[in-house]
Amino acid sequence: MYFHGTTKVNEKNHLEIGGVDTVNLVQKYGTPVYVYDVALIRERARAFKDTFDQLGIKSQVAYASKAFSSIAMFNLVKEEGLSLDVVSGGELYTAIAAKFPMDRVHFHGNNKGKDELELALDYNIGCVVVDNFYEIELLQQLCMEKNKKISILLRVTPGIEAHTHDYILTGQEDSKFGFDLQNGQAEQALIMTLESKYFNVLGLHCHIGSQIFDSTGFTLAARKIIDQLYNWHNKLKYFPPVLNLGGGFGIRYTDEDEPLSPDSYVKEIIIEVQKRTNYYHLPLPEIWIEPGRSLVGEAGTTLYTIGSSKDVPNVRKYIAVDGGMSDNIRPALYEAKYEAVLANRPLDVVEDSFSIAGKCCESGDMLIWDLPLPKIVNDDILAVFCTGAYGYSMANNYNRIPRPPVIFVENGEDQLVVKRETYEDIIRLDLPLESKINS
Ligand SMILES: Cc1ncc(COP(=O)(O)O)c(C=O)c1O
């Protein structure tokens, strides 16, 4: 079994994360519960950032907060000196509440609302990543009304397919995101925005997909964009100070996954951008990236209590946990794979394979198929690894199941950073029927 970060087995044969015994965490906070290894998040943040700094490359590493956003997480991102990518008014509002430096906030999205853009302008965020022509008009109108100038990046689709699951591909031509680089739309958007006195055009952005295991997609995208920038440099006399190559750096969910290390991704990107800009005698732009999953994914573990079981003779043994697609929808959505152990006795001898069912009323609510585990007894605790990205952030109240709490652990201490939802929370927004029937 592969353990990430500070995760290990202690002398009691219990799983320990951040120096904290997970069995004690369960006694204190109940299950399901998300546990984050803060030291691992810091290590990843530094690995990305330090690689740029050590090579003397101007950069911004923006945490793609859709992977996991909460006030404490944003506080941590600020402590580590990263920037922040938000994609909605809700994420932006969380950044405001976390007192995140607004000049390091980048706002993404293919359909930003007027109220969301107004919030961004009122708080003077670092830049808006403009996605489409509608947004150019809307943002310009709002800037005019507020008499403000805003820094922008233009999101382009460079026509690169990253080798990963289809559902999480975003950089190919047929995408809902961005201006197409090949068909002239990106050039039209660039000309429009350069001509406007309300925009400071910082440069281009692309995001080619997610859970990408090698650097080829990133370097190809960089090359295509710089080729285009060379044309525009000649034609429009414009060269942008910033090139943002997005996120998508892969992580190890199971031993089938073999991602590069953060510094390898960064080095290969830098080499390509240097090579291509040198070739055209262009200046080196600042390089920005937006890792989400690779900062928090491996740092998260979900602890569940095992409850019911079902044996289908000669077919499969099911065991059910007290969560499921309500706290981790990725297996149902993407057929995502995870590894897991019994947190209360991870080194016990494996007896059989068990398929881990969630508790939601959906046959598709299966977390892991055919997981080797020791003989199960009541109240065993299952630790599912690598749930730190798109777990809590995609959690939902399907079947009116309250969302689990989030605990940060570091140096032997635990801290509650998101409370468990209660049944009162579940009905908080409900209003009774105003009955029109006289009884
Ligand atoms: C524009 C953009 N940047 C960054 C990311 C983060 O991707 P990942 O979590 O795979 O690093 C995403 C994910 O969808 C994205 O759409």
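Largest mean-square fluctuation among P283, P402, P158, in a Gaussian network model of the chain whose springs join Cα atoms under 10 Å apart, belongs to P283.
Our coupling estimate for the stretch 216-231, obtained by passing each phi through the Karplus curve with A = 6.51, B = -1.76, C = 1.60 and θ = phi - 60°, is 4, x, 5, 6, 5, 4, 4, 4, 4, 5, 5, 4, 5, 4, 5, 4 Hz, Gly and Pro reported as x.
Can you tell me how much longer the chain between K146 and E413 gets when fully stretched, taken as 0.36 nm per residue apart minus their C-alpha distance, in nm with one decimal? Walk me through the numbers before you get to the answer.
Numbers: separation 267, 0.36 × 267 = 96.12 nm, distance 4.65 nm.
Contour length minus the Cα-Cα distance gives 91.5 nm.
What the Cα convex hull of the stretch 38-296 gives, in volume per residue, is 115 Å³. The HN-Hα couplings worked out from phi for the stretch 122-138 by the Karplus form 6.51 cos²θ - 1.76 cosθ + 1.60 (θ = phi - 60°) are 4, 9, 6, 5, x, 6, 9, 8, 6, 10, 7, 5, 4, 5, 4, 4, 5 Hz, whole numbers, x standing for Gly and Pro.
What percent does the relative contact order of the stretch 217-301 come to when contacts are Cα pairs within less than 8 Å and at least six residues apart? Mind dumping the intermediate values first?
Details: 85 pairs, mean separation 35.9, N = 85.
Worked out over the stretch 217-301, it gives 42 percent.
Reported value for the stretch 1-146: 155 Å³ per residue, from the convex hull of its C-alpha atoms. Less than 5 angstrom separates the built amide H of Q60 from those of I287, W288, I289, all sequence-distant by 5 or more or on a different chain.
Both the radius of gyration and Dmax for the stretch 370-410 are 13.5, 33 Å, in that order, over alpha-carbon atoms. The modelled label-to-label distance for the pair Y93/N399, using points 7 Å beyond Cα in the direction of Cβ, is 2.9 nm. The stretch between N378 and I271, if pulled fully straight at 0.36 nm per residue, gains 33.1 nm over its current Cα-Cα span.
Computed from the C-beta positions of Y134 and R316 and an R0 of 51 Å, the FRET efficiency is 0.55 to the nearest 0.05.
Taking C386, C361, C143 in turn, the Gaussian network model of the chain (Cα-Cα springs below 10 Å) assigns the largest fluctuation to C361. Whole angstrom only: what separates the Cα centroid of the stretch 345-372 from the Cα centroid of the stretch 379-420? Here the two parts' Cα centres lie 18 Å apart. Note on the stretch 34-82: Cα-only Rg and Dmax are 11.4, 37 Å.
Roughly speaking, to the nearest percent, how much of the chain's 1.4 Å accessible area is carbon and sulfur? Mind dumping the intermediate values first?
On the way: 9590 of 19800 Å².
Its accessible area is 48 percent carbon and sulfur atoms.
For the stretch 1-141, the solvent-accessible area of protein heavy atoms averages 39 Å² per residue (probe radius 1.4 Å; ligands and nucleic acids excluded).
Under 15 Å from a label point set 7 Å out along the Cα-to-Cβ vector of N111, the amide N atoms of the stretch 121-154 belong to 131-135.
Mind ranking 253-266, 404-417 by how tightly packed they are, going by the mean number of other C-beta atoms within 10 angstrom, highest first? The partial results should precede the final answer.
Numbers: 253-266: 16.5, 404-417: 18.5.
Result, highest mean first: 404-417, 253-266.
Measuring between alpha carbons in the structure, the pairs from K114/K176; K66/K146; K114/K149 lying more than 21 angstrom apart are K66/K146. What shape does the chain have by the C-alpha gyration tensor, where a ≥ b ≥ c are the square roots of the eigenvalues, rounded means a/c under 1.5, and otherwise prolate means a/b greater than b/c and oblate the rest? Prolate is the answer for the chain, as a/c is 1.5 or above and a/b outweighs b/c. Note that the stretch 52-66 has calculated 3J(HN,Hα) couplings of 4, 4, 5, 8, x, 9, 5, 7, 9, 9, 9, 5, 7, 6, 4 Hz, one per residue in order, obtained from phi through the Karplus relation 6.51 cos²θ - 1.76 cosθ + 1.60 (θ = phi - 60°); glycine and proline are x. For the chain, the mean residue ellipticity at 222 nm estimated from helices alone is -9000 deg cm²/dmol, where every DSSP H run of n ≥ 4 contributes -39500 (n - 2.57) and the total is divided by all residues, rounded to the nearest 500.
Taking every C-alpha pair closer than 8 Å and separated by at least 6 residues, the mean separation divided by the residue count of the stretch 38-296 gives a relative contact order of 20 percent.
Enumerate by residue number the trypsin sites (Lys or Arg not before Pro) in the stretch 349-408 meeting two conditions: DSSP loop (anything except H, G, I, E, B), and at most 14 other Cβ atoms within 10 Å of the site's Cβ. Kindly include the intermediate steps, with their values, before the conclusion.
On the way: sites: K359, K375, R400; in loops: K359, K375.
Sparse-neighbourhood loop trypsin sites (Lys or Arg not before Pro): K375.
The values are calculated or read from the model by the stated rules, or taken from the named source; none is laboratory data. Owing to the predicted nature of the structure, the values given are computational and were not obtained by experimental measurement. With ideal geometry, Cβ positions are generated from the backbone for all residues, glycine too; neighbour counts draw on all protein chains shown. Side chains are part of the model used for accessible areas, which takes the heavy atoms of the whole protein and leaves out ligands, DNA and RNA. Shrake-Rupley method; radii C 1.70, N 1.55, O 1.52, S 1.80 Å.
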